[in-house]
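J.: Here it is, the structure in full.
The values are calculated or read from the model by the stated rules, or taken from the named source; none is laboratory data. Since this is a predicted model, take the numbers as computed values, not measurements. As a convention, Cβ positions derive from the backbone with ideal geometry for all residues, glycine included, and neighbour counts pool all protein chains shown. Please note that ligands, DNA and RNA were not included when accessible areas were found on the heavy atoms of the full protein model with its side chains. Shrake-Rupley method; radii C 1.70, N 1.55, O 1.52, S 1.80 Å.
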Amino acid sequence: MTGSVRFGVVGLGEIYQLAHHLAYQRADGLEATVVCDLDQDVAARTAESLGAEACTDYRRLLEDERIQAVDLVLPHNVHYKVAREFLEAGKHVLIEKPMTVDAAHARELVDLAAAKGLKFTVNENTRFIPAYQAALDVILRGEIGDVTLVRTLISGNEFERLGNPKLWKGRQDGSGGGTIIDAGAHSFYLLKWMFGEIASLRALSDRLVDVSQVEDWSIVCGRTRSGALFSVESSFTSGGPWNERLEVHGTEGLIVVDQHQNPPAMLFRGKRDHEGSPLPGTAYEPRTWKYNSIAAGIESFARSIANDEPTAVAPEDGAYAVRVIELAYESVATGSPVTL
Ligand SMILES: NC(=O)c1ccc[n+]([C@@H]2O[C@H](COP(=O)([O-])OP(=O)(O)OC[C@H]3O[C@@H](n4cnc5c(N)ncnc54)[C@H](O)[C@@H]3O)[C@@H](O)[C@H]2O)c1
């Protein structure tokens with residue numbers, strides 16, 4: 001295939017405008033042919049800024065032969081249904097995290113795409129954050145020895161959206177949960193991508209925003225199959241900017257990645273290395289960290305279609321994250337550990 005991959009984009013809300021839009025503005029190997037949102041004004045405005053067509057009913061795109069791929073940026077409860085319709089219609093599908101709310105649905109979509117020879121994956125931006133890639137390189141070179149403990153923390157400010165009972169975010173039937181499914185999707189993908197599968201987990205959650213139906217704090221901890229311990233903490237009630245942090249402790253050293261620290265990724269070699277050294281290729285870019293990595297994920301997906309290569313984010317890893325999410329909720333409900 002030559003030329004730009006022609007996308008239909010469905011869902012032009014907050015993260016589309018902040019991040020996905022960058023990829024369609026850059027138009028590097030891809031173009032937005034039709035953009036769609038239930039809100040006609042948003043669809044029209046977005047379409048005009050890209051020289052694309054606007055629509056309010058995504059079903060119009062199913063039969064549109066110009067559209068090769070779709071970028072779905074929708075509330076969690078419709079991910080499965082809409083992704084399935086597009087795969088059945090023969091379109092490549094990139095979907096925002098979490099892949100689906102239900103693990104069996106995620107597997108079903110992965111299998112359906114494979115059977116139809118279509119590209120399908122979750123737009124997991126974690127894979128495109130240079131600091132995480134640099135950390136993985138250091139770990140694979142053995143520079144911190146055997147990994148003993150992995151800690152992640154994602155924190156952000158969702159007071160406003162969780163405080164509005166009409167929005168999907170704070171509703172169980174809209175989002176399928178709170179921090180575990182929403183922020184956890186990133187961390188469980190990261191664990192799988194960088195450290196392999198989880199052997200066992202236990203989870204706790206709590207809620208500070210009363211009107212919301214979903215948890216706004218959670219911690220999921222356990223052991224990976226490789227023997228490392230892990231903890232995944234997430235909060236939606238931080239008044240600071242959205243932040244991501246990763247610590248990887250090994251028998252020979254420590255890596256600390258923190259979006260708002262400058263430099264954002266440090267390697268400490270051994271117990272007397274108090275100064276540490278910045279990981280190469282990791283610039284201080286706290287404002288664009290998230291948005292650039294999301295746009296890079298769309299561009300990477302377009303390249304995988306154009307070159308008929310596997311997607312950088314393995315669809316199985318996106319589905320695996322949903323399985324872990326499901327088991328974390330099981331652990332919260334039963335108060336017991338879960339073995340995978
Ligand atoms: N990768 C990340 O870091 C990241 C960050 C934020 C959000 N997200 C994910 O992106 C997705 C969207 O989140 P958001 O915060 O932008 O939500 P949002 O509510 O701001 O936007 C969703 C948009 O979808 C539109 N929509 C809903 N149903 C539709 C339908 N049937 N047809 C057409 N349009 C429809 C709504 O009108 C709205 O504009 C979620 O899956 C979320 O988890 C990912």
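J.: Does the range 206-216 contain any residue that is within 25 Å of residue 128 (Cβ to Cβ), within 16 Å of the ligand (Cβ to nearest atom) and either open to solvent by less than 60 Å² (accessible area, probe 1.4 Å) or among the hydrophobic types (A, V, I, L, M, F, W, C) (or both)? Let's see the steps before the verdict.
T.: The first filter runs over the range 206-216 and keeps only residues within 25 Å of residue 128 (Cβ to Cβ), leaving none.
For the range 206-216, residues within 25 Å of residue 128 (Cβ to Cβ), within 16 Å of the ligand (Cβ to nearest atom) and either open to solvent by less than 60 Å² (accessible area, probe 1.4 Å) or among the hydrophobic types (A, V, I, L, M, F, W, C) (or both): absent.
J.: Given the conditions (1) open to solvent by less than 40 Å² (accessible area, probe 1.4 Å); (2) within 25 Å of residue 186 (Cβ to Cβ), and given that residue 34 satisfies all but one, which numbered condition is not satisfied?
T.: (2)
J.: Looking only at the range 266-290, filter to residues that are among the hydroxyl-bearing types (Ser, Thr, Tyr) and not in a strand (DSSP E or B); which one of those is farthest from residue 256 (Cα to Cα)?
T.: First, pick out the residues of the range 266-290 that are among the hydroxyl-bearing types (Ser, Thr, Tyr): 277, 282, 284, 288.
Among the residues that remain, those that are also not in a strand (DSSP E or B) are: 282, 284, 288.
Details: 282: 12, 284: 14, 288: 19 Å.
Checking each candidate, the answer is 288.
J.: Next question. Could you check the range 300-319 and list, in sequence order, the residues that are touching a Leu at 6+ places or on another chain (Cβ under 9 Å), of a type outside the set (Val, Ile, Thr) and surrounded by 20 or more Cβ atoms within 10 Å (Cβ to Cβ)?
T.: 301, 302, 315, 319
J.: What number of residues within the range 11-59 are in a loop (DSSP other than H, G, I, E, B), within 9 Å of the ligand (Cβ to nearest atom) and over 18 Å from residue 83 (Cα atoms)?
T.: At the first step, the residues of the range 11-59 found to be in a loop (DSSP other than H, G, I, E, B) are 11-13, 27-29, 37-39, 51-52, 56-58.
With within 9 Å of the ligand (Cβ to nearest atom) added as a condition, the list becomes 11-13, 37-39, 56-58.
The next check asks that each one be over 18 Å from residue 83 (Cα atoms); those that pass are 39.
Looking only at that region, the number is 1.
J.: Kindly list the number of the only condition in (1) modelled with pLDDT of 95 or more; (2) more than 30 Å from residue 67 (Cα to Cα) that fails for residue 322.
T.: Every condition holds for residue 322 apart from (2).
J.: Can you pull out the residues in the range 117-133 that are away from the ligand (no atom under 16 Å from the Cβ) and either surrounded by 14 or more Cβ atoms within 10 Å (Cβ to Cβ) or under 17 Å from residue 290 (Cα atoms) (or both)? Step through it out loud before you land on a result.
T.: Restricting attention to the range 117-133, the residues satisfying the condition of being away from the ligand (no atom under 16 Å from the Cβ) are 117-119, 133.
Once the filter is applied, which keeps residues that are away from the ligand (no atom under 16 Å from the Cβ) and either surrounded by 14 or more Cβ atoms within 10 Å (Cβ to Cβ) or under 17 Å from residue 290 (Cα atoms) (or both), the range 117-133 yields 118, 119, 133.
J.: Same structure again: Select from the range 70-82 the residues that are within 11 Å of the ligand (Cβ to nearest atom) and in a helix (DSSP H, G or I) and list them in ascending order.
T.: Residues satisfying the conditions are 76, 77, 78, 79, 81, 82.
J.: Filter the range 134-174 down to residues that are away from the ligand (no atom under 15 Å from the Cβ), crowded, with 16+ Cβ neighbours inside 10 Å and free of Cβ contacts under 8 Å to residues at least 40 places away in the same chain, then give me how many there are.
T.: Residues that pass the stated criteria total 0.
J.: Now a separate question. Considering only residues that are polar (S, T, N, Q) and in a loop (DSSP other than H, G, I, E, B), which ones fall in the range 291-322?
T.: Our first condition is that a residue be polar (S, T, N, Q); within the range 291-322, this holds for 292-293, 300, 304, 307, 311.
307, 311 - these are the residues of the range 291-322 that are polar (S, T, N, Q) and in a loop (DSSP other than H, G, I, E, B).
J.: Report every pair of residues separated by at least 6 positions or lying on different chains whose Cβ atoms are under 6 Å apart, first residue within the range 75-87 and not assigned by TED's automatic domain parsing to the domain that holds residue 172, second more than 7 Å from the ligand (Cβ to nearest atom) and open to solvent by 40 Å² or more (accessible area, probe 1.4 Å).
T.: 76/101; 80/105
J.: Determine, yes or no, whether residue 94 is closer than 26 Å to residue 288 by Cβ, within 15 Å of the ligand (Cβ to nearest atom) and among the hydrophobic types (A, V, I, L, M, F, W, C).
T.: Values: closer than 26 Å to residue 288 by Cβ: yes; within 15 Å of the ligand (Cβ to nearest atom): yes; among the hydrophobic types (A, V, I, L, M, F, W, C): yes.
Yes, satisfied.
J.: State whether one or more residues within the range 195-203 are modelled with pLDDT of 95 or more, within 29 Å of residue 34 (Cα to Cα) and open to solvent by less than 10 Å² (accessible area, probe 1.4 Å).
T.: Step one: of the range 195-203, the residues modelled with pLDDT of 95 or more are 195-203.
Restricting the remaining residues to those that are within 29 Å of residue 34 (Cα to Cα) gives none.
Checked the range 195-203: no residue is modelled with pLDDT of 95 or more, within 29 Å of residue 34 (Cα to Cα) and open to solvent by less than 10 Å² (accessible area, probe 1.4 Å).
J.: Of the conditions (1) part of a helix (DSSP H, G or I); (2) within 15 Å of the ligand (Cβ to nearest atom), residue 87 satisfies every one except a single condition; which number is it?
T.: Of everything listed in (1) part of a helix (DSSP H, G or I); (2) within 15 Å of the ligand (Cβ to nearest atom), residue 87 misses just condition (2).
J.: Taking the range 229-283 on its own, how many of its residues are free of Cβ contacts under 8 Å to residues at least 24 places away in the same chain, among the charged types (D, E, K, R) and open to solvent by 20 Å² or more (accessible area, probe 1.4 Å)?
T.: Residues meeting the conditions: 4.
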